[in-house]
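The values are calculated or read from the model by the stated rules, or taken from the named source; none is laboratory data. What you see is a predicted model, and the numbers here were worked out from it, not measured in a lab. Note that each Cβ is placed from the backbone with ideal geometry, even for glycine, and that neighbours are counted across all protein chains shown. Heads up: the accessible areas ignore ligands, DNA and RNA and are worked out on the full protein's heavy atoms, side chains in. Shrake-Rupley method; radii C 1.70, N 1.55, O 1.52, S 1.80 Å.
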Amino acid sequence: MKSNIDLQEPEEELFEHYRFDVPKGQAFLRIDKYLMLMVPNATRNKIQNAATNGDIYVNDIPVKSNYKVKPLDVIRILLSHPPFENRVDPEDIPLDIVYEDAALLLINKPPNFVVHPGHGNYTGTLVNALAFHFENLPLNSSERPGLVHRIDKDTSGLLVVAKTEAAMTHLAKQFEDKTSEREYVALVWGNVKEEEGTITGNIARHVKDRMQMSVFADPEIGKHAVTHYKVLERFGYVTLISCKLETGRTHQIRVHLKHIGHTLFNDERYGGNLILKGTTFTKYKQFIDNCFKTLPRQALHAKTLGFVHPVSGEMMRFDTEIPKDMADCIEKWRNYSKSNAAEEEE
């Protein structure tokens, strides 16, 4: 005869689909209204049904839709099936491999190429391509094969991918310990006053728009972030700068530069796709429109990447050319700036 324990149904495994760490400054708000702001394409009806089904947890306790969210709550949506974005189908997508050996590879990621599957981008990503070209890549802490770090969809440039567990651990520690070297080139709105400087400010999700990040003065909110910048070339209404990351937070350069009043040129998510500096002349507006068409994304390129090789112990540095769309836009501004200077001298 079987025992009562043997007859019990096995406990259902739950998978986390969303997690939100409520910031310290959050006002009290019904959880269904809060999640409508935070979950893409969510309706109040869907959220209320999820609460009724016991799928919404606050501090590991299921709550109903009338629960009032308070500061420092941890909200999780747990479902009986894994998130769709964790499924990776191999896809034959060409990769620009800059360097490869038995432990790792360097990829020069083009713009408009998503790094890993997520909301709205479940196929056609770098991870799908890696799954096709390489077998048995190690998984990172987010269960994504090979990825040591990531850059945004519309940011171009260098990414290192681990091919072994040992390389993943070694490289991930370098990024965590801030010993890796990462330099970006950015075109920003405005004439940056200082020749060089450092931006320090904690970064966390925007209180109202979860698609954006924001800088918080309160040291208890968000994650510590440091960006060093240096002016490379001035064009009057915009400036070409170099940015070196001391930390690697989501949207760090984009958020930090906006915070000091120099939003990335044509960064739609943070308002850089508007004319933030310049004249009201129609000719100038046409020039900006042409620049936006030439560079239909934020003006940010991960140009240089340096790290210690996990096997040889050698310091390795890689550098890439600025891609054509961004180089052409910079050249337009260079010519415009020279033309303006010549007119002023006449």
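Give, as ranges by residue number, the residues of the range 244-283 whose backbone N falls under 14 Å from the point 7 Å along Cα→Cβ of N340. Counting backbone N atoms under 14 Å from the label point, the list is 275-283. Each principal axis of the Cα cloud of the chain was evaluated for its coordinate range; sorted largest first, these ranges are 100, 51, 36 Å. The sum of -39500 (n - 2.57) across all DSSP H runs of n ≥ 4, divided by the residue count of the chain, sets its helix-only mean residue ellipticity at 222 nm to -7000 deg cm²/dmol. The packing ranking of peptides 106-118, 254-266, 59-71, highest mean first, is 254-266, 106-118, 59-71, where packing means the average number of other beta carbon atoms within 10 angstrom of each residue.
Using the Cα gyration tensor of the range 168-235, with a ≥ b ≥ c the square roots of its eigenvalues, what is the shape: rounded (a/c below 1.5), prolate (a/b larger than b/c) or oblate (neither)? Taking the square roots of the gyration eigenvalues as a ≥ b ≥ c, the range 168-235 is oblate. Probing with 1.4 Å while keeping every protein chain in the model, the per residue accessible area of the chain equals 54 Å².
Keeping the other protein chains in place, figure out the carbon and sulfur percent of the accessible area of the chain, with a 1.4 Å probe.
49
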